[in-house]
1. Is it the case, given these coordinates, that A:Q102 is crowded, with 18+ Cβ neighbours inside 10 Å and without any contact (Cβ under 8 Å) to a residue 24 or more places away in the chain?
2. Say we look at the stretch A:145-192 and pick out the residues that are of a type in the set (A, V, I, L, M, F, W, C) and within 16 Å of the ligand (Cβ to nearest atom); which of these is most open to solvent (accessible area, probe 1.4 Å)?
3. Could you look through the stretch B:132-175, keep only residues that are of a type in the set (D, E, K, R) and open to solvent by 80 Å² or more (accessible area, probe 1.4 Å), and pick out the one that is modelled with the lowest pLDDT?
4. Among the numbered conditions (1) farther than 30 Å from B:C36 by Cβ; (2) surrounded by 20 or more Cβ atoms within 10 Å (Cβ to Cβ), tell me where A:P122 comes up short.
5. In the list B:S53, B:S39, which residue meets the criterion of being open to solvent by less than 20 Å² (accessible area, probe 1.4 Å) and in a helix (DSSP H, G or I)?
6. Could you tell me which numbered condition A:I52 fails, if it satisfies all but one of (1) among the hydrophobic types (A, V, I, L, M, F, W, C); (2) within 14 Å of the ligand (Cβ to nearest atom); (3) out of contact with any Leu (no Cβ under 6 Å at 6 or more places or on another chain)?
7. Take the stretch B:56-89 and flag every residue that is in a helix (DSSP H, G or I) and touching a Phe, Trp or Tyr at 6+ places or on another chain (Cβ under 7 Å).
8. Can you report the number of residues in the stretch A:1-36 which are near the ligand (Cβ under 9 Å from one of its atoms), open to solvent by 10 Å² or more (accessible area, probe 1.4 Å) and without any contact (Cβ under 8 Å) to a residue 40 or more places away in the chain?
Amino acid sequence: MINYHPTDKQLRQFAEGNISSALALVAAAHCDVCSKCQAKVDDVNLELASDIENIKAHTFSDPAFDKMLASITQLPVLDAPVQKSPRIELDGRFFDVPRPLQRFVKKTGNWSKLLGKVWQAPVDLGEAGMAHFIYMEKGGRVPEHTHRGTEFTLVVNGEFSDGLADYDSGDLIVMDDEHIHSPHSNADDGCLVFSIVDKPLHFTSGIARLLNPFSHLFFK
Amino acid sequence: MLVGISLENKFTNTSKPKDCAEEMSALLMEVAAERCKRSYAKVFGYFAPRLRSYALKQMGNEALAMELVQDTMTNVWQKAHLFNSEKGSPSTWIFTIARNIRFDMLRKLQNRKEDICSDDLWPVLCEQTPDQNEVSLDQQVTLQQVGQLFNKLPDKQKAVIEAIYIDGKSQQEVADQLTIPLGTVKSRTRLALQRLKDMLEDHD
Ligand SMILES: [Zn+2]
């Protein structure tokens, strides 16, 4: 069951389009699987659309609009591409991903072992942030860390805990420098998440601290 | 050049929003099915000036505002077949198109090389899955029963319905045969079925 949703404010910013690309992507992926939040976004869309309808528009005709109308109606019809649904593959297992993430499946690099039972594959988002699909096998754990920037995580499939809370498929988790956590999965089928960070992580405990000078290598 | 098509907006103060939505919805379906320029001009006349006000507020610049209006209304013309009245009103559909175009425009202006675009975030202008948004006739209504109503359909819609439901052709085959885009076949089918449905309801 989904327990962690974007805030109402974030959903409004998402509907308005006044939002960072990284947060927009995980919010969109969340709304694709959370009908509650999608309904909230639909409500804001409706409200913003009625704002436009209520604008008192000029009723005189305008040569610029005449020209625009004439040029538009000369254009051909366009068929929209039918979206395929590519899936994430890891070791012969296939995972469905929310629709907004599907285009990025083919922009996902090879899986590599991060640590122990944790695997990651980089996703190229350009300058929007450093993104990865991360898979924790049962018993897999990411060392305790905090964040130099903001970390957005969407649970794609499975369950994990991080010492702060338990998460399930569809949950959206936003972490920053006020949070220290250590994600790990005890689920039999492990857990696949999609994560975006704008700055490298900062490992906080034990030997993992030795990773800090190199964390940009792990999370880039 | 566009003599006879007035941009004057008869909906501004007279119609209630709901009536207006129904009227705009019907016009968009005509645009989708028949490429009707006259219907499109009415949709344009209603939305273009409003979008310009919205865009001016958002972009703060007349040239950018007009670019936003033009791109939005171009999508409305070229992709009218993706409008589905069951999913929302025309104004909501058009707002979401404008919002998406603005999102991409702003990133282009800031020269940000982000590989996330509005189509990923808000799939307003994508086919969801093939044929998912078709109107389906109630099962107990057979084509025989609608046969007499069928003859009242406009010729273009009749041809599409005939090819699909009587000859059993796929929508793609019909598109190839009539050399029209697949989207037009889909929207003609949808519009025709909707009309038949309406006629059946009036019938009882
Ligand atoms: Zn939610």
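1. On the way: crowded, with 18+ Cβ neighbours inside 10 Å: yes; without any contact (Cβ under 8 Å) to a residue 24 or more places away in the chain: yes.
Yes, satisfied.
2. Applying the first criterion (of a type in the set (A, V, I, L, M, F, W, C)) to the stretch A:145-192 yields A:152, A:154-156, A:160, A:164-165, A:172-175, A:180, A:187, A:191-192.
Filter again for within 16 Å of the ligand (Cβ to nearest atom), leaving A:152, A:154-156, A:165, A:172-174.
Working: A:F152: 23, A:L154: 1, A:V155: 3, A:V156: 17, A:A165: 19, A:L172: 8, A:I173: 10, A:V174: 56 Å².
It comes out as A:V174.
3. Initial filter on the stretch B:132-175 (of a type in the set (D, E, K, R)): B:134, B:138, B:152, B:155-156, B:158, B:162, B:167, B:169, B:173.
If we keep only those that are open to solvent by 80 Å² or more (accessible area, probe 1.4 Å) too, we end up with B:138, B:152, B:155-156, B:162, B:167, B:173.
On the way: B:D138: 46, B:K152: 79, B:D155: 86, B:K156: 85, B:E162: 79, B:D167: 75, B:E173: 87.
Only one residue tops the list, namely B:D138.
4. (2)
5. On the way: B:S53 fails: open to solvent by less than 20 Å² (accessible area, probe 1.4 Å).
Step by step, each of B:S53, B:S39 is checked, and only B:S39 is open to solvent by less than 20 Å² (accessible area, probe 1.4 Å) and in a helix (DSSP H, G or I).
6. Result: A:I52 fails condition (2) only.
7. Going through the stretch B:56-89, the residues in a helix (DSSP H, G or I) turn out to be B:56-59, B:62-78, B:80-82.
Once the filter is applied, which keeps residues that are in a helix (DSSP H, G or I) and touching a Phe, Trp or Tyr at 6+ places or on another chain (Cβ under 7 Å), the stretch B:56-89 yields B:M73, B:W77.
8. 2
The values are calculated or read from the model by the stated rules, or taken from the named source; none is laboratory data. Remember, predicted model here, so these are calculated numbers, not experimental data. Glycine also receives a Cβ, built like all others from the backbone with ideal geometry; neighbour counts cover every protein chain displayed. Note: accessible area is taken over every heavy atom of the protein model, side chains too, but ligands, DNA and RNA are not part of it. Shrake-Rupley method; radii C 1.70, N 1.55, O 1.52, S 1.80 Å.
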